[in-house]
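Remarks on the structure that follows.
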Amino acid sequence: MSQFAGWLAQRYRNNRPLTEYERRADLRQFDSSTFTPIDKGIIYIDDNCIEYVDRHFRYRGWALMGASVFISLGIIFIVAILHATMSLVDRVGSLASGDTYAIAGLIAVVLGFLAFVFWKLLLRDILRYQYYPVRFDRISQQVHVFTGKGAKVVSASWQDVKFIIGRDKPMGPGEGYTYDLRGLVMRGDQVVHTFAVGSDSGRDPAITLAQWEMIRRFMEEGRSALPFPPLQLYTSVEPSFRNAFIIHVSSAGEGLMLIALPLTLPWALFRFLAMKLCRKPIWPAAVLRHGASTSSGTPPLRAPAVYGRVNREGGRADEMERFWKESIAAAKARNDEVREQLQNGSISV
């Protein structure tokens, strides 16, 4: 499941030169101005900055759910082994030393596996931050990536970040690439930090190009260059069960909602629990000061309290929904063009 790349699988590699694919996938080589901008996870926008969730925000809870299954099975297995051992001792007396070592070794192996699951799955979902925002500051022309480690933030000049159409290797023979908007912080010719912005684009690389156009226009031309209204934000970061239910249960679609419920409802419950066991990210004061500037008077847009809740006055919600559907359909129609450039490296899109 390449959707988990950079989080649970296929960890991002740093301190290396660019790959040939990354050179071809450099978004500044594409003519994205012909694409209509698409929102893929904006949680705040004003005249000075635009802020996104990280790529894995929508998948949170999955690691906790998977870890809980493995840990429960491991504990049941250990209890069953101990119960069987005690029953055997009651019937035949003390065990031979070889049998004792074999049982102890088996339990040690299971405990080691459980420790691995705890470290590689459970702690990737809890006792961390609820999300890892990425902030684009057009006043200082800086990109700030919240990491939660050390100084908590990696900051780089807008021009020193190479943005690419990221893709992850399929995990199985029937799975295609999963694409995302990926930033590579460069130091000379070396990649020193890798991050992904907003939700992934699934199997549609052209969606990533439209997402990039949203950020490019904002950073290079300003908020007024975005073709809105009808822009309204729909991504909510409130750690409520209602939001967890909307993200994981409702997102399956009306036709599949009941069929998928045995999987999506537990996922929603574990997402809610994971969010409650994590902290809300807070930007350092220095990052917030960098973006301070006079406002044009246009009010900022903030993430709603409920995922997908928008202002329906005067048909605004219908206008926005129609706009997004048309924009996404137009981008998907150009997937083959974008794939050809990614394959051949010709600058023609």
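Each principal axis of the Cα cloud of segment 8-64 was evaluated for its coordinate range; sorted largest first, these ranges are 39, 33, 20 Å. Label point of Leu88 set 7 angstrom out along Cα-Cβ; within segment 94-133, amide nitrogens under 13 Å from it belong to 94-107. Normalised by residue number, the volume inside the convex hull of the Cα atoms of segment 43-99 is 107 Å³ per residue.
Each 5 Å bin, from zero up to the one with the longest distance, holds this percent of the alpha carbon pairs of segment 100-152: 4, 15, 13, 14, 11, 10, 8, 7, 6, 5, 3, 2, 1, 0. Add -39500 (n - 2.57) for each DSSP H run of 4 or more in the chain, then divide by its residues: what number comes out at 222 nm, to the nearest 500 deg cm²/dmol? Helix contribution divided over all residues of the chain: -13000 deg cm²/dmol.
Between the alpha-carbon centres of segment 10-86 and segment 136-159 there is a gap of 19 Å.
Excluding same-chain neighbours fewer than eight residues apart, the lysines reachable from Lys325 by a Cα-Cα span under 23 Å are Lys40.
Within segment 1-148, the proportion of C-alpha pairs whose separation exceeds 22 Å stands at 64%. Mean projected area of the Cα convex hull of segment 124-265, taken over all directions, amounts to 11.9 nm².
All distinct Cα pairs of segment 192-268 go into the 1/r average, and the inverse of that average, the Kirkwood radius, is 15.4 Å.
Give me the angle, in degrees from 0 to 90, between the Cα long axis of helix 97-120 and the longest principal axis of the Cα atoms of the chain, rounded to the nearest 10. Roughly 10 degrees, rounded to the nearest 10.
Expressed per residue, the C-alpha convex hull volume of segment 232-277 stands at 60 Å³. Run the numbers for Gln190 and Ala286: contour at 0.36 nm per residue of separation, minus the present Cα-Cα distance, in nm. That works out to 31.9 nm of additional length. The coefficient of translational diffusion for segment 65-174, derived via Stokes-Einstein from the alpha carbon Kirkwood radius under 37 °C and 0.692 mPa s, stands at 173 µm²/s.
As a rough guide to protection, the peptides 324-337, 84-97 ranked by mean Cβ packing within 10 Å, highest first, stand as 324-337, 84-97. Compared with the dominant Cα axis of the chain, that is its longest principal axis, helix 62-92 is turned about 0°.
Scalar couplings 3J(HN,Hα) for segment 201-206, obtained by applying the Karplus form with A = 6.51, B = -1.76, C = 1.60 to θ = phi - 60°, are 9, x, 8, 10, x, 5 Hz; x denotes Gly and Pro. Carbon-plus-sulfur fraction of the accessible area of the chain, 1.4 Å probe, in percent? C and S atoms contribute 59 percent here. Among residues other than Val191 with Cβ under 11 Å from its Cβ, the summed charge is +3 (Lys and Arg +1, Asp and Glu -1). Once both labels are positioned 7 Å from their Cα atoms along Cα-to-Cβ, the gap between Thr19 and Ala80 label points is 4.0 nm. Need the full-extension length gain, Leu73 to Gln29, defined as separation in residues times 0.36 nm minus the C-alpha distance. One decimal, nm. Here the segment from Leu73 to Gln29 would lengthen by 10.8 nm. Mean projection of the Cα convex hull over all viewing directions, computed for the chain: 22.7 nm². Placing pseudo-labels 7 Å out from each Cα toward the beta carbon at Arg11 and Glu238 gives an inter-label distance of 3.6 nm. Length available on full extension from Leu261 to Arg279: 0.36 nm per residue minus the Cα-Cα distance, which gives 3.7 nm.
The values are calculated or read from the model by the stated rules, or taken from the named source; none is laboratory data. Quantities reported herein were computed from a predicted structural model and do not represent experimental measurements. We place every Cβ from the backbone using ideal geometry, glycine too, and count neighbours over all the protein chains shown. With ligands, DNA and RNA removed, areas are computed over all heavy atoms of the protein, side chains included. Shrake-Rupley method; radii C 1.70, N 1.55, O 1.52, S 1.80 Å.
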